[in-house]
């Protein structure tokens, strides 16, 4: 064993010196562009002669602020002008903003895996410097840009794209490791425990099933549906029956112009029951009209085939939220718990379509059409499952809406509005425990999060981006009144 201060062999000393010099040179070359940048702090490492420069983890730009970054970057001045003066800062401009800022963030930290603190700081700065980009749905308003709990948002999605072009050796994680399993919210079966015996439940279901749906029997039917609700919910949640199986077992759900469906939903989500009728006509519909008229004039003109103002706005919203890229080329397999079909590989039906209105949400038929035969023919021609949808019967001066699901019609009261029919359609998906059609995922995500405020659902990035536009649109008293067309 060598002793302290014992002389070192000259050859060994030269090898050690050579190795240390080579390592230091390599580290300097890798970081030479960073040593003069703002945000580095010298930290002693080993001896006073050795200095290691570390980037401030909370800093997102060498320029300090979002505004300063935009002024310094090509194309940034145009974005800054739009942010300050344009009535609508649309999704295309929002994406350009994120691309520019994320390019600076990556350059600033010299890595495609910048620290979380910097991403949070950038998200906060965006909505602090430009309050119009806040999303009031969230506690702080900046979560759509980066959510520290889910590790998702516009900034992180941009990083995913930027990392996709990296060579495998430069990627920190494999593609499989980046995938996150989506949460599936399932109601606990204990929630639906009934105090009745199975025999008693069977008897009550039988009475309800065979009870004539008259005004005199309405209260009795309501009581029977309430008494059997726990058993019914447990059966639907655990056994995944088809639409036909549910309505065959509980036909009274179809009666009284959809009131029984409404009651069932209200019992499951009492705080959300009236949200659509309160929010959509008063807040969202006028902003959708304003946005589409300003930014999508072709859609605005095309949508005029629908006379009801609120239904027209709803269908335009659907068109503004097209299917995600990940499922454009997939064949729909029908995501409800209904019949299954053997599908051939021939003539795959594309999911993405620009047709107005979206055929999976609304089908328009002429007055006098035999609806029973129309639906039967449609079902026979469709190789995939058909989820519930609206049927709009157009006459010369009238429009009447129905809800249809698997050959079962729910008729609306003659005085009901078309959006009352959609309100019922939406609730039907929850009552029957159905999944949304593939090409309506973004549309229903908007309805779930921002209108019905279903707390267990989080908004997708494209959905949140559009909502920010609506939420920060100021209307005057005469703004885009559709009745003036």
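Read-outs: derived from the displayed coordinates by stated rules, not from any lab. What you see is a predicted model, and the numbers here were worked out from it, not measured in a lab. For neighbour counting, all protein chains shown are included, and Cβ atoms are generated from backbone atoms with ideal geometry for every residue, glycine included.
Label separation (residue 415 vs residue 84): 5.5 nm, computed from points 7 Å beyond Cα along the C-beta direction.
Return the ratio Rg/(2.2 N^0.38 Å) for region 66-168, where Rg is computed over Cα atoms only.
1.04
Every pair of different Cα atoms in region 193-268 enters the Kirkwood calculation, which places the hydrodynamic radius at 12.7 Å.
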